[in-house]
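J.: Input: one structure, supplied below.
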Amino acid sequence: MNMTRKYKSVALAIAGVITLPSCATTSTASSGTDAPDTWKIAAIQHGQASWYSVKTNGGTRTASGERLTNSAATAAHKTLPLGSKVRVVNMNNGKSEIVTIIDRGPFVRGRVIDVTLGVAERLGFAARGVTSVKLEVLGKKES
């Protein structure tokens with residue numbers, strides 16, 4: 001990992017902490033149907049996404065304490081605050097979905113997010129397992 005990438009990761013984590021502290025919720029999943037005009041993009045990341053499921057998770061609770069649900073619009077990220085909202089865009093087909101960060105991971109080099117199996121199916125990469133994505137870290141627009 002070069003130093004520039006390290007500093008970008010740190011800056012993204014700090015931006016997430018500063019702009020999204022009130023996004024933590026007790027909801028178990030995002031519906032993925034939030035209106036696009038209610039969000040502003042706080043930061044952008046590019047990388048690989050993979051999926052995980054109740055089976056691969058071993059049925060344990062996530063880092064947020066919630067149980068993982070295969071169909072939920074949730075994901076794991078290494079540094080974003082739990083409860084953060086992120087739009088995941090599949091760069092191969094343009095499909096996107098808003099997910100809530102409820103877990104930590106992925107722990108494989110080059111991967112920036114693990115989404116649930118249901119999200120991977122809706123984004124069109126479940127059979128492939130891994131795809132290139134753009135992550136848009138979202139914050140509420142000021143009223």
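J.: Within region 84-99, can you find the residues that are small (G, A, S) and open to solvent by 10 Å² or more (accessible area, probe 1.4 Å)?
T.: Selection gives G94, S96.
J.: Looking at region 67-143, what strands (runs of 3 or more DSSP E) fall wholly within it and have at least 3 residues that are closer than 14 Å to S53 by Cβ? Outline the logic, then answer.
T.: Details: elements: 74-76, 85-90, 96-103, 111-116, 130-140.
Where strands (runs of 3 or more DSSP E) fall fully within region 67-143 and carry at least 3 residues being closer than 14 Å to S53 by Cβ, they are 74-76, 111-116.
J.: If you don't mind, another one. Listed residues S22, S53, S31; which is under 15 Å from the mean Cα position of the chain (by Cα) and modelled with pLDDT under 55?
T.: Details: S22 fails: under 15 Å from the mean Cα position of the chain (by Cα); S53 fails: modelled with pLDDT under 55.
Just one listed residue meets the conditions, S31.
J.: Is there any pair with a first residue in region 86-97 that is free of Cβ contacts under 8 Å to residues at least 60 places away in the same chain and a second that is assigned to a strand (DSSP E or B) and among the hydroxyl-bearing types (S, T, Y) whose Cβ atoms are under 6 Å apart and which are 6 or more apart or on different chains, and what are they?
T.: Within 6 Å, the pairs are R87/S96; V89/S96; N90/T131; M91/S132; N92/T131.
J.: Separate question: Among the residues of region 84-95, are any touching a Cys at 6+ places or on another chain (Cβ under 8 Å) and on the phi < 0 side of the Ramachandran plot? If you could, list the steps in order and put the result at the bottom.
T.: Of all residues in region 84-95, those touching a Cys at 6+ places or on another chain (Cβ under 8 Å) come to 84-85.
This time we only want the ones that are on the phi < 0 side of the Ramachandran plot, so: 84-85.
Yes, that holds for at least one residue.
J.: Look at A120 and say whether it is surrounded by fewer than 20 Cβ atoms within 10 Å (Cβ to Cβ) and either of a type in the set (S, T, N, Q) or within 24 Å of R61 (Cβ to Cβ) (or both).
T.: On the way: surrounded by fewer than 20 Cβ atoms within 10 Å (Cβ to Cβ): no; either of a type in the set (S, T, N, Q) or within 24 Å of R61 (Cβ to Cβ) (or both): yes.
When the stated conditions are applied, A120 does not pass them.
J.: If a residue has to be modelled with pLDDT under 95 and either aromatic (F, W, Y) or in contact with a Leu (Cβ under 6 Å, 6 or more places away or on another chain) (or both) to count, how many in region 91-119 make the cut?
T.: 1
The values are calculated or read from the model by the stated rules, or taken from the named source; none is laboratory data. Quick caveat, the model's predicted, so the values are computed rather than measured. Methodologically, a virtual Cβ is constructed for each residue, glycine included, from the backbone with ideal geometry; neighbour enumeration extends over all protein chains shown. For accessibility, only protein heavy atoms count, side chains too; no ligands or nucleic acids. Shrake-Rupley method; radii C 1.70, N 1.55, O 1.52, S 1.80 Å.
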